[in-house]
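What follows is a short report on a single structure.
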Amino acid sequence: MKRLAANPVRRVPSRGGIRVLKVTVIVLAVVFSAGPLLYGVLLSVRPLSAVLNEPLNLLPSLGELDFSSYPTALRGESEGGFGLARFMSNTFLVALSTVVISIVFSALGAYAAVRMKFFGQRTVSALFLSVYLFPGIVLAVPLFVMLSRIGLTGSLVGLVLIYMAQTVPVALYMLRNYLAAVPRSVEEAALIDGCGLFRMLRSVVLPMALPGIAATSLYVFIIAWNEYLFALLFLVQDRERWTVALGIAQLTEFTVPVTVLMAGSIAITLPVLVGFFAAQKLLISGLTAGAEKG
Amino acid sequence: MTGALSTALRRGRRLSRAQQEDLQGRLLVSPTVLVVVLVVVLPFLAVVLLSFLDVRLVDIPRLSFATLEFTTDNYAEMLSNSRFWGALGTTVAYATLTTVGAILVGLGVALALRHPFRGRGLIRALVLMPYVLPVVAAATIWKTLLNPQYGWVNAFGTDVLGWDGPIAFLSTTSEDVAGIPVPVTLLTVVAFEIWKTAPLAFLFITARLQFLPSDLEEAAEIDGATVTQRFRYIVLPQLRGVIAVLVLLRFVWSFQSFNDVYLLTGGAGGTEVMAVKVYTELITRADIGSAAAYGLALTVLLSGLLLIYVRVNRRSEVAE
């Protein structure tokens with residue numbers, strides 16, 4: 001340290017050195033982030049024998065391009081496929097129901113949290129925060145017992161109920177920031193003009209907070225689409241009702257060709273990525289709103 | 001007289017408006033509270049209850065309050081089981097390594113992408129991708145990449161780097177590398193979780209970096225402070241708050257992580273963390289009481305660590 005201080009020339013890390021470091025970090029970050037997904041895409045369009053014989057050679061030659069893994073993964077079992085299309089429609093139904101219920105409930109709650117003073121407010125927000133941090137695996141034990149008892153295992157309704165409870169705290173937290181940005185004066189003007197509370201929420205607050213609500217909905221959708229643990233616990237016996245996450249995870253246990261497995265993984269990732277890239281800016285600002293407090 | 005009346009009226013109206021607000025507020029949160037009580041609070045109470053019962057999966061249809069017999073056997077068995085202590089150690093190591101790793105990686109990438117350049121938006125989006133991917137798809141692709149027969153990593157290692165043979169990344173508890181035992185599989189799972197969660201750290205730190213005032217750094221630069229000095233004395237202190245939040249969130253979530261470990265290894269190769277243990281007790285061993293005891297132990301430990309964290313944080317805030 002002392003020796004360095006005595007030598008002012010060496011004390012200053014060269015700008016070139018910092019730049020090289022920066023570029024290296026960025027290149028590595030991009031390779032690691034996008035690499036595995038790209039690998040999955042490349043394997044999914046090659047014939048199985050090529051993948052097994054030349055694992056190091058990743059670029060398929062034009063002649064050997066083979067897209068048949070996708071229809072094989074998507075087709076129903078009776079047609080020699082693996083039923084992914086059905087898993088996708090199951091998951092779509094579950095995720096969409098979760099979004100609708102979760103967003104309606106959390107929008108009402110978020111509005112109350114932002115604009116109103118009421119008894120028990122602190123208890124309620126502490127409750128939501130603890131749901132946010134509470135281990136899901138622990139709840140799996142009693143929920144499994146309870147749902148088995150009332151016969152809701154193997155039903156998508158039970159799953160929607162759980163996803164809703166798991167996503168409401170996050171949704172409420174994100175929506176709070178968006179709703180707080182709606183000017184209070186506009187709301188008051190509507191109320192003074194004789195608008196009821198629910199009508200005011202629907203025709204004044206909702207339209208103004210729409211981008212935020214869209215971003216939150218997308219986030220909830222992604223969580224529900226990706227969820228694995230509860231789908232595994234409640235649906236594993238019932239192949240007709242499998243979700244995409246459960247389906248792909250179960251297929252890895254069978255002797256499914258790796259190319260089909262990759263095609264399936266890419267197919268279930270695609271909807272998530274499309275949504276993410278479409279609403280990227282909105283999502284990012286919603287997710288980081290809490291970080292600004294410092 | 002009229003003045004007093006109008007004050008009373010006004011006071012009366014204000015009071016009733018506050019009451020109205022109170023009522024409406026409670027009405028608006030009640031659906032959410034109801035679901036949370038049903039799906040989170042009641043089940044949690046049930047875990048406590050179940051952990052003191054000797055119940056197995058086959059007993060579920062016949063379960064009734066009248067015939068319950070309380071016992072502490074589940075806890076006695078758990079605490080005397082070496083696998084419990086093993087799982088605990090693995091969980092602490094896993095949570096610590098992934099938390100530190102994810103924050104360091106997130107910080108590094110956030111700093112590298114701090115100043116605008118062409119294409120930064122696209123790179124930011126690419127870097128965030130692992131966080132939104134379905135964990136099942138990500139794990140399936142990683143398993144293929146690491147496969148000993150046809151995975152790219154082992155092919156690259158043996159053909160290009162000259163490894164003696166392929167490495168079973170997902171089932172090697174310990175492997176001697178230059179005489180030092182290395183927990184290969186645990187580190188692989190840690191790497192996966194860092195890969196999957198570093199984007200969140202990146203996102204939070206980037207958001208904070210955008211709000212740093214630039215004048216301090218500019219003044220320091222004019223005074224001849226080096227890049228490292230500016231980082232160490234100006235940027236880093238201002239990131240302390242957001243890093244503290246990240247340490248809390250990441251540790252709590254990694255400590256209870258189930259999906260990542262279970263999907264990659266199923267708990268093999270020395271990666272049996274507490275969450276996986278809860279699952280195997282429940283499903284594989286069909287022992288509900290024991291699963292509940294493991295689950296409650298996980299919760300109690302996590303709450304204890306949270307309390308310590310809050311204490312320490314508060315003390316350091318007071319000290320400042």
Filter result for the condition that a residue is in contact (Cβ under 8 Å) with a residue 24 or more places away in the chain and open to solvent by less than 30 Å² (accessible area, probe 1.4 Å), over A:L139, A:L147, A:L133, A:L129: A:L147
Options A:R122, A:R86; residue that is charged (D, E, K, R), in a helix (DSSP H, G or I) and farther than 20 Å from B:Q24 by Cα: A:R86
Residues being at the interface with chain A (Cβ under 10 Å from one of its Cβ atoms), in contact with a Lys or Arg (Cβ under 9 Å, 6 or more places away or on another chain) and not basic (K, R) - total across the stretch B:261-288: 2
Members of the stretch A:251-273 found to be at pLDDT below 90 and surrounded by fewer than 24 Cβ atoms within 10 Å (Cβ to Cβ), listed by number: A:L251, A:T252, A:E253, A:F254, A:T255, A:V256, A:P257, A:V258, A:V260
Residue within the stretch A:187-198 that is assigned to a helix (DSSP H, G or I), more than 27 Å from A:M116 (Cβ to Cβ) and among the β-branched types (V, I, T) present: no
Residue that is least open to solvent (accessible area, probe 1.4 Å), among those in the stretch A:8-27 that are facing another protein chain (nearest Cβ under 9 Å) and modelled with pLDDT of 85 or more: A:I26
Tally of residues being touching a residue at least 12 places away in the same chain (Cβ under 8 Å), in a helix (DSSP H, G or I) and facing chain A (nearest Cβ under 8 Å) across the stretch B:142-160: 3
Contacts under 7 angstrom Cβ, first residue in the stretch A:41-65 being under 25 Å from B:L133 (Cα atoms), partner hydroxyl-bearing (S, T, Y) and not in a helix (DSSP H, G or I), 6 or more apart: A:V51/B:Y150; A:P55/B:Y150
Filtered residues of the stretch A:233-288 (kept if within 10 Å of chain B (Cβ to nearest Cβ) and among the small types (G, A, S)): A:A245, A:G247, A:A249, A:G264, A:S265, A:A267, A:G275, A:S285
Qualifying positions in the stretch B:105-131 - more than 21 Å from A:T252 (Cα to Cα) and within 7 Å of chain A (Cβ to nearest Cβ): B:G108, B:V109, B:A112, B:L113, B:I123, B:A125, B:L126, B:V127, B:M129
Hits in the stretch A:229-247 (condition: open to solvent by less than 40 Å² (accessible area, probe 1.4 Å) and without any contact (Cβ under 8 Å) to a residue 24 or more places away in the chain): A:L232
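Quick one: in the stretch A:51-95, which of the residues that are closer than 30 Å to A:F128 by Cβ and buried (at least 16 other Cβ atoms within 10 Å of the Cβ) is nearest to the other protein chains (Cβ to nearest Cβ)?
A:T91
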In the stretch B:21-68, residue least open to solvent (accessible area, probe 1.4 Å) [restricted to those that are of a type in the set (D, E, K, R) and within 30 Å of A:L191 (Cβ to Cβ)]: B:D22
The stretch A:113-123: number of residues that are over 13 Å from A:Y173 (Cβ atoms) and open to solvent by less than 60 Å² (accessible area, probe 1.4 Å): 5
Any hit, the stretch B:212-232, residues being within 24 Å of the chain's Cα centre (by Cα) and either within 14 Å of chain A (Cβ to nearest Cβ) or open to solvent by less than 40 Å² (accessible area, probe 1.4 Å) (or both): no
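Within 10 Å of another protein chain (Cβ to nearest Cβ) and in a helix (DSSP H, G or I): does that describe B:R240?
Yes, satisfied.
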Any chance B:A168 is of a type in the set (A, V, I, L, M), surrounded by fewer than 21 Cβ atoms within 10 Å (Cβ to Cβ) and outside any helix (DSSP H, G or I): yes
Restricting the stretch B:249-263 to residues that are among the hydrophobic types (A, V, I, L, M, F, W, C) and open to solvent by 40 Å² or more (accessible area, probe 1.4 Å), the residue that is nearest to B:V276 (Cα to Cα): B:W253
Which listed residue is closer than 26 Å to B:F44 by Cβ, out of contact with any strand residue (DSSP E or B) (no Cβ under 7 Å at 6 or more places or on another chain) and either open to solvent by less than 10 Å² (accessible area, probe 1.4 Å) or in a helix (DSSP H, G or I) (or both), from A:L161, A:L206: A:L161
Any hit, the stretch B:123-135, residues being surrounded by 14 or more Cβ atoms within 10 Å (Cβ to Cβ) and among the basic types (K, R): yes
Residue match in the stretch A:61-72 (condition: in contact with a Pro (Cβ under 6 Å, 6 or more places away or on another chain), at pLDDT below 85 and not in a helix (DSSP H, G or I)): yes
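The values are calculated or read from the model by the stated rules, or taken from the named source; none is laboratory data. Fair warning: this is a prediction, and the values are worked out from it, not measured in the lab. Counting neighbours? That spans all protein chains shown, and the Cβs are built from the backbone with ideal geometry, glycine included. For accessibility, only protein heavy atoms count, side chains too; no ligands or nucleic acids. Shrake-Rupley method; radii C 1.70, N 1.55, O 1.52, S 1.80 Å.
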